[in-house]
Amino acid sequence: NNKPVMDMALALQGMAPGLIVTNKGDLGSKPEIRIRGTSSLREGDAANEPLYVLDGQVISSDAFLTLNPNDIKEIKILKDAAACALYGIKAANGVLEITSQRGTAGKMVYSYSFSGGVTLRGRRGVKMMDSKEKLELERRLGNTATPGYRYSEDYYRRYHANDPNLAALIAQGKQKLDSLANINTDWFKELLRNNFYQEHNLSAKGGSEQTSFYASLNYSQQGGRIPGNDIKRVTARLSVDQEITSKLYASLSVNGGYSVTNTPNGTTYSPTDLIYQLNPYETKDVNAELVSFPGRTYADLFNQYSEKTSDKRAGISGSLNYSGIKGLEIAAVAGVDYVLSENLGITPPTAYSELTSGADERERGILTKDKNTKMNLSSNVRVTYNKMFGKHDLTLGANFDYYSDHVDNLGITGYGLSKKMQSPSGVNQSIEGNRKPSFTSRNEKTAQLGIGVLAGYSWNGIYDLFGTYKSDASSVLPSDKRWNSAWAVGGGWTLSNYSFLRNNGTLTELKLKASYGCTASLQGVSPSSAVATFQYSEDTYGNDQLLSLVGLYNADLKPEQTIDIDAGITLGLWNRVTLNAGWYRRRTKDALLDVPIPASNGFTTLRRNIGILENNGIEGELFVKMVDRPKWRMSGRLSMAYNQNKVVDLYHTDRLFTSEESIVPDFEVGKSYDMIYGPISLGIDPMTGLPVFKGGDGREISAIERLTRDDIVALGHSTPPYSGSFFYSLSYGNFDLDVDFYFVFGGKKAYSFSYVRGFDNARYNAIVGQVNNMWFQEGDEGKIYHRPYYSSSAVDNLKLYANSRTIGKSDYLRLSSLSLRYRLPYKWIEKTKNVIQYASVAFQASNLFTWTHYKESDPESGSLVGTQQPVFTLKLSVSF
């Protein structure tokens, strides 16, 4: 709650070692969450995201992101084999166990908090040229479409050498250039803006010994740095706990949420890109034609695309707990979670891309609308028996669970939008040909049934043994392959509970633990991958609609097998220092991947078990309570994690390529799954101005020569292997100060270099320093950028592949949150006759500063567009 962020996932960044949360785009984009690395060769969340469990109910990742952080009491991150095996084959990627706020017996307490503040533009990243340098670059490039050359002396002496008014033309050109040089528009400040952030949270809790409840309502809104980008969210929650008898306890929770995200960014258009395209001598004059966009004015660059995404979520869950027999407890949980996601993307008929598309006027304008529903049903019954006799503590348990997912998606793409009705109703349905309306749909149901047992034994609180076995049947696989298992064994040794170490003032805790297990995984696998699944196509035969396979299925497909082994130690000193350290190895056998197949099969890919992927890592967390006095306290926490990911085996090969023509491997044995590949650069040849590469045999290769697979080497990890955080907390009297840093290092990202201009794109602005760092003539040495002219034979080598000089370290250190709070003194509260029970005012900020050597905009997302905005807020909290 110290972070003023809209996204539940981003609030967890840096909160635990091994949990990696990565921002992937602009405001409202879904972040990436991973626990102990990526465990599949397949990209994306479906195959790699963890399992989310809210109060015993399985929920989707989309539902998790809409949760109100104020409603959360605790989040446990289950990483080891013993903990994850309890959830079976759905938990191969780890588990986030979320416990919500509940009511308490006692006086009714009403709480209200308000946070209001501003969001800033964020990191500038690439610095672009001013007008003087840009005009000089244009002169050097010699493109007549640019004023830097068109009004230069070079131009007039070349094209008007015999003109009797040459001197006057040169003077007029100089005057024009001087006028343009005096205009220096900072498009970073002009196009991006500061915005507002606000959050309101209202809650009530209380009750009696028999009945208690908790209710909350939250509204939050954050504006993006681009006009047209914002997010609004409303959430509500009600939970009731009832003691039916002294042995029977029931709970009911109802929650809902609604969020709307607007963005002008599309797959082919982003207003943020204009920062790196518009020239500094251009202005917002709506009547002036732009050099950067010939034939268009500033006004023509906007209202080109809009996208609105809404999510509606509703969930209900109930539980019964019975403990009528000593040592025996029966718990049953059932719930339904429903998410409706709608997306509407519009390219208006007045958009420049439509006006120049060649389409008839009645066919201009594009609309895409997707309506996706996902309903999760989960139920679980657990029986646990615990018996203590002497120094022995025995626990036995069994569980039965059932999960089902129902996905129903509908998509529409239409053309010929009405200017007054930009909705599906405004689509011109009479259009034929390439712009004929098209529809897509998907209706898929999957179910999973599981039965599990567990046993645990402890002797005198010193030795612990644990084992669990769970068998799950999934409808994704054919009936003869549906049952798969997850099992784990573990042990612990609490040395500090030995009699000679108890009540030791120095060594207050010492515990060793280890576990080993294997979990089958079907994450991201749909029925069409393993069994024949058909769909209706848009083609017809006579009057009949044709059926076709959704995809080429693999009858021999097997679940991935994740084998986990881990060990850890907990060390406590003086009741002030706690150290948790651990090692793990997670190996995924029979890793699945969509591999290329001959097109003669009717499909181009087939999902197959093709190899083994492994994650090895070390995690550590140090907590130190430096000062613990009645009036002031000071503590700190340092966490760090290292994860080494590598491909251990690719069945039948050492390197895997997606096509016969590809020279860059998708995967290579002994290398990370996310390795960046490319040639070794030897710099710019001072005679030709083109890059020179080092071949696999050590020879020099010019940019016009064709590279081979032997010339390609691994350049670095795109995912940083090291991550960590540092948290510092200080309390003095009624003041609390919390500071949180987050850092990653060891990764690399390729630079886009989209802002380095050549002859053909000289009309756009360029990176500062390009004039001095680009090769222009024979003998130019020590240059960074290749010549602005090059033959088509060099295009592939220059544009398609990263090389050792076009990648950079993506290390960064971020001041992720800062909070300074003042709590109203108790003597002041007494003066209200206890009407006010608690009150505080706080200054909070998130994503304040990022220190990095990465040269482009954002080292986290690797994008010029997506960067986390700094947020500064003032928070007022009061309880009655």
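Here are the numbers:
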{"item": "Total residues in segment 313-341, condition surrounded by fewer than 17 Cβ atoms within 10 Å (Cβ to Cβ), among the charged types (D, E, K, R) and in a strand (DSSP E or B)", "result": "1"}
{"item": "Options PHE667, PHE693: the member that is in contact with a Leu (Cβ under 8 Å, 6 or more places away or on another chain) and over 16 Å from ALA802 (Cβ atoms)", "result": "PHE667"}
{"item": "Residue in segment 532-543 that is touching a Phe, Trp or Tyr at 6+ places or on another chain (Cβ under 7 Å), aliphatic (A, V, I, L, M) and modelled with pLDDT under 95 present", "result": "yes"}
{"item": "Candidate set: segment 827-855, residues that are in contact with a strand residue (DSSP E or B) (Cβ under 7 Å, 6 or more places away or on another chain) and aromatic (Phe, Trp, Tyr); chosen: the one farthest from PHE114 (Cα to Cα)", "result": "TYR854"}
{"item": "All positions within segment 196-231 that are over 19 Å from ASP273 (Cβ atoms) and either assigned by TED's automatic domain parsing to the domain that holds GLU138 or of a type in the set (A, V, I, L, M, F, W, C) (or both)", "result": "PHE196, LEU202, ALA204, PHE213, ALA215, LEU217, ILE231"}
{"item": "Residue check, VAL771 touching a residue at least 60 places away in the same chain (Cβ under 8 Å) and farther than 30 Å from ARG296 by Cβ", "result": "no"}
{"item": "Residue match in segment 77-85 (condition: touching a strand residue (DSSP E or B) at 6+ places or on another chain (Cβ under 8 Å), within 17 Å of ALA486 (Cα to Cα), surrounded by 18 or more Cβ atoms within 10 Å (Cβ to Cβ) and charged (D, E, K, R))", "result": "yes"}
{"item": "Strands (runs of 3 or more DSSP E) (entirely within segment 653-706) containing at least 2 residues that are in contact (Cβ under 8 Å) with a residue 40 or more places away in the chain", "result": "675-678, 680-684, 691-694"}
{"item": "Among (1) crowded, with 16+ Cβ neighbours inside 10 Å; (2) in contact with a Lys or Arg (Cβ under 9 Å, 6 or more places away or on another chain); (3) touching a residue at least 60 places away in the same chain (Cβ under 8 Å); (4) closer than 26 Å to GLY747 by Cα, the one test that VAL648 misses", "result": "(1)"}
{"item": "Matching option when the condition is more than 28 Å from GLY678 (Cα to Cα) and of a type in the set (Gly, Ala, Ser), among SER810, SER819, SER804", "result": "SER819"}
{"item": "Test: residue in segment 567-584 that is touching a Pro at 6+ places or on another chain (Cβ under 8 Å), part of a strand (DSSP E or B) and closer than 20 Å to GLU509 by Cβ", "result": "no"}
{"item": "Residue in segment 671-682 that is charged (D, E, K, R) and more than 26 Å from LEU19 (Cα to Cα) present", "result": "no"}
{"item": "Count - residues of segment 425-442 that are of a type in the set (Gly, Ala, Ser), part of a helix (DSSP H, G or I) and within 35 Å of the chain's Cα centre (by Cα)", "result": "2"}
{"item": "Among (1) under 21 Å from LYS391 (Cα atoms); (2) not in a loop (DSSP other than H, G, I, E, B) - the single one ARG502 does not satisfy", "result": "(2)"}
{"item": "Residue within segment 508-521 that is over 30 Å from TRP574 (Cβ atoms), modelled with pLDDT under 85 and among the aliphatic types (A, V, I, L, M) present", "result": "no"}
{"item": "Any hit, segment 40-48, residues being in the same structural domain as ILE610 (by TED's automatic domain parsing) and within 22 Å of SER725 (Cα to Cα)", "result": "no"}
{"item": "Verdict on ARG502 being within 25 Å of LEU449 (Cα to Cα), in the same structural domain as LYS79 (by TED's automatic domain parsing) and surrounded by fewer than 19 Cβ atoms within 10 Å (Cβ to Cβ)", "result": "no"}
{"item": "GLU860 vs. criteria in contact (Cβ under 8 Å) with a residue 12 or more places away in the chain, in the same structural domain as LEU715 (by TED's automatic domain parsing) and out of contact with any Pro (no Cβ under 6 Å at 6 or more places or on another chain)", "result": "yes"}
{"item": "Of all residues making up segment 362-421, the number that are touching a Gly at 6+ places or on another chain (Cβ under 9 Å) and closer than 22 Å to GLY491 by Cβ", "result": "13"}
{"item": "Subset tally (residues that are outside any strand (DSSP E or B), in contact (Cβ under 8 Å) with a residue 24 or more places away in the chain and among the basic types (Lys, Arg)) for segment 589-645", "result": "1"}
{"item": "Test for LYS558: is it modelled with pLDDT under 95, surrounded by fewer than 16 Cβ atoms within 10 Å (Cβ to Cβ) and of a type in the set (Lys, Arg)", "result": "no"}
{"item": "Matching residues, segment 334-374, being over 30 Å from ALA250 (Cβ atoms) and small (Gly, Ala, Ser)", "result": "SER341, GLY345, ALA351, SER353, SER357, GLY358, ALA359, GLY365"}
{"item": "Only listed residue being modelled with pLDDT of 95 or more, in the same structural domain as SER672 (by TED's automatic domain parsing) and of a type in the set (Val, Ile, Thr), chosen from THR578, THR604", "result": "THR578"}
{"item": "Set VAL453, VAL525: member being at negative phi, assigned by TED's automatic domain parsing to the domain that holds PHE400 and outside any strand (DSSP E or B)", "result": "VAL525"}
{"item": "Candidate set: segment 278-312, residues that are of a type in the set (S, T, N, Q) and not in a loop (DSSP other than H, G, I, E, B); chosen: the one farthest from ILE346 (Cα to Cα)", "result": "THR297"}
{"item": "LEU192 being crowded, with 16+ Cβ neighbours inside 10 Å and either within 30 Å of GLN304 (Cβ to Cβ) or of a type in the set (A, V, I, L, M) (or both)", "result": "yes"}
{"item": "Of all residues in segment 733-761 being surrounded by 23 or more Cβ atoms within 10 Å (Cβ to Cβ) and more than 30 Å from GLN644 (Cβ to Cβ), the one that is nearest to the chain's Cα centre (by Cα)", "result": "TYR755"}
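Per-residue answers, yes or no, for (1) modelled with pLDDT under 90; (2) within 30 Å of LYS387 (Cα to Cα); (3) out of contact with any Lys or Arg (no Cβ under 8 Å at 6 or more places or on another chain); (4) not assigned by TED's automatic domain parsing to the domain that holds ASP556:
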site	(1), (2), (3), (4)
ILE431	no, no, no, no
PHE439	yes, no, yes, no
ALA447	no, no, yes, no
TYR457	no, yes, yes, no
ILE462	no, yes, yes, no
LEU477	no, no, yes, no
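Yes or no, residue by residue, for (1) of a type in the set (Asp, Glu); (2) within 28 Å of LYS481 (Cβ to Cβ):
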| site | (1), (2) |
| --- | --- |
| LYS558 | no, yes |
| THR570 | no, no |
| ARG576 | no, no |
| GLY582 | no, no |
| ASP590 | yes, yes |
| ILE597 | no, yes |
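The values are calculated or read from the model by the stated rules, or taken from the named source; none is laboratory data. Remember, predicted model here, so these are calculated numbers, not experimental data. With ideal geometry, Cβ positions are generated from the backbone for all residues, glycine too; neighbour counts draw on all protein chains shown.
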